[in-house]
Amino acid sequence: MAYSDKVLDHYENPRNVGSFGKDEEGVATGMVGAPACGDVMKLQIKVGKDGVIEDAKFKTYGCGSAIASSSLVTEWVKGKTIDQALDIKNTQIAEELALPPVKIHCSILAEDAIKAAVADYRKKHQA
Amino acid sequence: MLKFPIYLDYSATTPVDPRVAAKMIPWLTEHFGNPASRSHAYGWEAEQAVEEAREQVAALVGADAKEIIWTSGATESNNLAIKGAAHFYQGKGKHVITVKTEHKAVLDTVRELEREGFEATYLDVQENGLIDLDVLKAAIRPDTILVTVMFVNNEIGVVQPIAEIGEICREQGIIFHVDAAQATGKVDIDLGKLKVDLMSFSAHKTYGPKGIGALYVRRKPRVRLEAQMHGGGHERGMRSGTLATHQIVGMGEAFRLAREEMASENARLLGLRDRLLNGLTGIEATYVNGDLEQRVPHNLNISFAYVEGESLIMAIKDIAVSSGSACTSASLEPSYVLRALGRNDELAHSSIRFSIGRFTTEEEIDFTIGLLNEKIGKLRELSPLWEMYKDGVDLDAVQWAAH
């Protein structure tokens, strides 16, 4: 499997790896995928009082493209409001990383991770 | 000086030993005759070389040279043995027994027989990869004509109880075929004692060239085959086609060297294997696949939990190894062999087969141990599953959203 330079860069030097403390203010978590399918992504966002995502962290169990997709997404969501973050589409991720067709599901999973994190944030803050 | 990537995939293929290559070359250029040419010296010398190689192959496995048939490799040998015997003996019955962990060259051949109207039983293996003889006995029917079991498994290196299976089959009058592609030069094979009727061999797993193999066909008691390749009646009509003298000479020399050197070579390989084993099982949450005792000395198959297989292969590109998942362009299929051991998909995905060989050095093993320790650590830092495991979460109890 030939990977693009951008995938290799994110794979070799993943951005924003880690986890926030569970009880930190404004933190929401999205966990998507399944071990049996070979991909699990955990995306955490930390949202300020103004509704802007201040920070993001990820951990991913998956192939190089899955790691790169989630690493990229942590960079992209920072500085966006949660509504703006929801506008990030898998096609943009796939295009940025030049993912081959068999790896498109990695970008879809990364988009799902954003949606899951935002849903978790809304559940915690608008309930 | 290390040369990258370090080759640790000797179960896939081996380099041709330089001593073997040197023996082969004159048979390509100077002595190019057709061994079937009976009317001149070119043919006679080629025939003599072919017969000498036949003796060398027979000597490694305790057979008579007359019982060795040249083929293009173990896949062809398996096809000829299984289809040839099934077709010849179908008047006696149409049931065949094999094992779920066999090589595809056996499984797909048995599937083909099923399409032709034969019935097949695929035996389960135990958790250690070995077959249970009672399970085999229970599967035998009055119409069973053929049992086919591999000597050494290509993925996990376990050695099946061939002697015991042979006794069971002979007692019941069932033809017994053994795929020994992975066994030559690794385990002692004495066909004078083993009650095996047909045995497949390959040259390129034992430092010989690709494209040449052999099939042992027992003469006492005589085993009959229906030819699968028709033509000039070579190899006593069982396999037509001009003999590839240079390939055959190579296989003969490779098997001669294997016979001479296997005792000392296997002791050395076992030492390296144990060094690798100790260096890798020090990593937390790793599992050796397959029995460690009933096993060839040069194979180690390990699952690294909470790390995904494809990213692991990507991380260790400085070594050439095989992954437990067949990472095709379309999908990531976990190994059917590891699944047959009862390993879950996740562990099957994250397994690596290390197979060492004649040219592996201690320095290469030490580099591999260091590399795996570093990269497994790095990937686990990235892994949410590792984090959950460390937090004491039972991953099997989590409701995952399969996609």
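For the reader, a short list of remarks on this structure follows.
- For chain A, the Kirkwood radius over C-alpha pairs fed into Stokes-Einstein at 25 °C and 0.890 mPa s yields D = 172 µm² per second.
- 3J(HN,Hα) from dihedral phi, segment B:30-40, Karplus parametrisation 6.51/-1.76/1.60, rounded to Hz, x for glycine, proline: 7, 9, 8, x, 7, x, 8, 6, 9, 9, 7
- Stokes-Einstein translational diffusion, chain B - Kirkwood Rh over all Cα pairs, 0.692 mPa s, 37 °C, in µm²/s: 146 µm²/s
- Equivalent ellipsoid semi-axes - Cα gyration tensor, segment B:18-258, angstrom: 32, 19, 14
- Shielding by partners for peptide B:387-397, expressed as the average number of C-beta atoms from other protein chains within 10 Å of each residue's C-beta, is 1.
- In sequence order, calculated HN-Hα J values of segment A:82-98 (Karplus, 6.51, -1.76, 1.60; Hz; x Gly/Pro): 5, 5, 5, 4, 5, 7, 5, 10, 4, 5, 5, 5, 4, 5, 4, 8, 6
- Accessible carbon and sulfur surface of segment B:18-258 relative to its total accessible area, %, 1.4 Å: 50 percent
- Integer Hz, Karplus 6.51/-1.76/1.60 couplings in order for segment A:70-78, x for Gly and Pro: 6, 4, 4, 4, 4, 6, 6, 6, 4
- Proximal lysines relative to B:LYS186, as straight alpha-carbon distance under 22 Å, when same-chain residues fewer than 8 apart are discounted: B:LYS104, B:LYS195, B:LYS205, B:LYS210
- Once you divide the Cα radius of gyration of segment B:180-238 by 2.2 N^0.38 Å, the number left is 1.26.
- Fraction of alpha-carbon pairs over 21 Å apart in segment B:144-280 - percent: 51 percent
- All alpha carbon pair distances within the protein assembly as shown were sorted into 10 Å bins beginning at 0; the resulting P(r) in whole percents reads 4, 17, 23, 20, 16, 11, 6, 3, 1, 0.
- Using a 1.4 angstrom probe on protein heavy atoms only, the contact between B and A buries about 2400 square angstrom of accessible area, both sides summed.
- Solvent-accessible heavy-atom area per residue, rounded to whole Å², over the protein assembly as shown at 1.4 Å: 42 Å²
- R0 of 22 Å, Cβ-Cβ distance B:ASP124-B:LEU395: FRET efficiency to nearest 0.05: 0.30
- Sum of -39500 (n - 2.57) over DSSP H runs of 4+, divided by residues of chain A (222 nm, nearest 500): -14000 deg cm²/dmol
The values are calculated or read from the model by the stated rules, or taken from the named source; none is laboratory data. As the structure is a prediction and not an experimental result, all values here were calculated from the model. A quick note on method: Cβ atoms are made from the backbone with ideal geometry, for glycine too, and the neighbour counts reach across all protein chains shown. Each accessible area value is taken on the protein alone, full model and side chains, heavy atoms only, with ligands, DNA and RNA left out. Shrake-Rupley method; radii C 1.70, N 1.55, O 1.52, S 1.80 Å.
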